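Below: the structure, in structure tokens.
The values are calculated or read from the model by the stated rules, or taken from the named source; none is laboratory data. No experiment lies behind these values; they were computed from the predicted model shown. Note that each Cβ is placed from the backbone with ideal geometry, even for glycine, and that neighbours are counted across all protein chains shown. In case anyone asks, the SASA skips ligands and DNA or RNA and just uses the protein heavy atoms, side chains included. Shrake-Rupley method; radii C 1.70, N 1.55, O 1.52, S 1.80 Å.
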Amino acid sequence: MKIAFLYLSQPYECYHIASVASALAQHPDVEVVEYYLFDDVPEHLRIIREALNAPALPAKKLKADWKAAFLRSFKNINDYRLAVLSQYIEEFEQFDALLSTEFVTGLLKDRGLVSPKLIWMAHGAGDRYIKREYLVSKFDLVALSGPKLERYYLEQGLVEAGNIRVVGYPKFDVFEAVRQKSYAPFPNGHPFILYNPHYKRGLSSYEKYVRTVVAGIKQQSRYNLIVAPHIEMFDKKMGLRKHFLKRLESPQVLADTGSPRMLDMTYTAHAAVYLGDISSQVYEFLLFPRPCVFLNAAKVAWRDNPAFRHWAAGEVVDRPEDVLPAIARAQERHVEYKPAQETLFRETFGDLPPFGASERAAAAIVNYMSCAAHV
């Protein structure tokens, strides 16, 4: 059985599925080949395999012809991905299955792909859904992290129940490996707050809050601060944003603009307090319940809005001047929010053990492919 893993996004995607590729490669008679689109992906695959003590797998760069490169110049990332993938359809026919986290892969059969099964694995565990999610119906097998997503796709009529496997969250297997390593970024030894603003314009708290948060931390002595935005925040205005953030650093403040620690859950594993807005990383932080504070920069009506369900996990702040008082009382108020955090985590990931999802996903894929071969 030959299975191709397609890494079509920035390196954060690796932390969701590379451990599954490694688990599959351990199965007898399964061959895994990894294809990647961005040049920095192999280094992150190496980091993950080193953390998991797993061997490297065969990997191949997906190269764009001039037509695909032209699409990328217009920042049309999904059309670019599809154009590149379409160049490899003949090569992909040698595989029994293609696995991807990107919905656009579902269009390959419309472009002439015939034999391989298409497998989609969800990445991220947030409460918002995206425009291209209807393409999930194009996949033969859908592997999900828990009941929240399963319920949503069934209610929307996008996937049949027989095509879903709930396997858990493979990224937690990387989290466990990282958590066991010591991490002490500040000489003063104080606990740190993780400030994790999203890149989504109109909902991100970054522009409105970052100066206030940094200035407030510098005026107190209880916490340090790591500012680690969603990695896609640096896709545009990269140089300016990196330069600005680095200027904010001090003995109490660290700004991360692109290290592997932004992606491998070092920060969510070791932070004492989570400060953010709409990033799904909060669910990774809640693996071990701790205080959270959320920043409502756009002053949205968030109560009873399912896209902001995670804001039940902590105090929600509507004004920059209120953020430091909220942080100061976060530890004391955590007892109020811990039951909601546990409920949110269970709704999102179910009752499966948090670790071992990579092996469960691999077993589900092997079982599905074996059954499909006999149909």
Checking Tyr36 against (1) over 20 Å from Tyr169 (Cα atoms); (2) modelled with pLDDT of 95 or more; (3) over 19 Å from the mean Cα position of the chain (by Cα), the condition it does not meet: (3)
Which numbered condition Asn188 misses (of (1) outside any helix (DSSP H, G or I); (2) within 25 Å of the chain's Cα centre (by Cα); (3) more than 22 Å from Cys292 (Cα to Cα); (4) touching a residue at least 40 places away in the same chain (Cβ under 8 Å)): (2)
Selection from the stretch 276-319 of residues that are open to solvent by 30 Å² or more (accessible area, probe 1.4 Å), closer than 30 Å to Pro353 by Cβ and touching an Asp or Glu at 6+ places or on another chain (Cβ under 7 Å): Pro289, Pro306, Arg309
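Residue-wise test of (1) without any contact (Cβ under 8 Å) to a residue 60 or more places away in the chain; (2) assigned to a loop (DSSP other than H, G, I, E, B); (3) acidic (Asp, Glu).
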residue: Ala177; (1), (2), (3): no, no, no
residue: Tyr199; (1), (2), (3): yes, yes, no
residue: Tyr209; (1), (2), (3): no, no, no
residue: Val214; (1), (2), (3): yes, no, no
residue: Ile226; (1), (2), (3): yes, no, no
residue: Glu232; (1), (2), (3): no, no, yes
residue: Lys242; (1), (2), (3): yes, no, no
residue: Thr268; (1), (2), (3): no, no, no
Answer from Tyr195, Tyr183 - the residue that is in a strand (DSSP E or B) and within 26 Å of Arg290 (Cα to Cα): Tyr195
Conditions (1) aliphatic (A, V, I, L, M); (2) surrounded by 14 or more Cβ atoms within 10 Å (Cβ to Cβ); (3) at pLDDT 95 or above; (4) part of a helix (DSSP H, G or I); number of the one not met by Val335: (2)
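Here are some residues: Val282, Val323, Val300. Which one is aliphatic (A, V, I, L, M), touching a residue at least 60 places away in the same chain (Cβ under 8 Å) and in a loop (DSSP other than H, G, I, E, B)? Break it down stepwise before answering.
Values: Val282 fails: in a loop (DSSP other than H, G, I, E, B); Val323 fails: in a loop (DSSP other than H, G, I, E, B).
Within the list Val282, Val323, Val300, the selection yields Val300.
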Positions within the stretch 343-353 being open to solvent by 50 Å² or more (accessible area, probe 1.4 Å) and either without any contact (Cβ under 8 Å) to a residue 40 or more places away in the chain or out of contact with any Lys or Arg (no Cβ under 8 Å at 6 or more places or on another chain) (or both), in sequence order: Arg346, Asp351, Pro353
Of the criteria (1) closer than 25 Å to Tyr15 by Cβ; (2) at pLDDT 95 or above; (3) open to solvent by 10 Å² or more (accessible area, probe 1.4 Å), which one Pro116 fails: (3)
Residue pairs meeting the criteria (Cβ under 8 Å; at least 6 apart or on separate chains; first surrounded by fewer than 16 Cβ atoms within 10 Å (Cβ to Cβ), in the stretch 57-79; second at pLDDT below 75): Asp79/Leu71
Tabulated pairs, the stretch 110-130, first hydroxyl-bearing (Ser, Thr, Tyr), second modelled with pLDDT of 85 or more, C-beta under 6 angstrom, 6+ apart or interchain: Ser115/Glu93
Residues that are assigned to a loop (DSSP other than H, G, I, E, B) and among the hydroxyl-bearing types (Ser, Thr, Tyr), drawn from the stretch 107-165: Ser115, Tyr129, Ser145
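Which fully enclosed strands (runs of 3 or more DSSP E) of the stretch 1-101 have 3 or more residues being in contact with a strand residue (DSSP E or B) (Cβ under 7 Å, 6 or more places away or on another chain) and within 26 Å of Ala364 (Cα to Cα)? It would help to see each step written out before you state the result.
Numbers: elements: 2-7, 31-36, 59-61, 97-100.
Of the strands (runs of 3 or more DSSP E) lying wholly inside the stretch 1-101, those with at least 3 residues that are in contact with a strand residue (DSSP E or B) (Cβ under 7 Å, 6 or more places away or on another chain) and within 26 Å of Ala364 (Cα to Cα) span 2-7, 31-36, 97-100.
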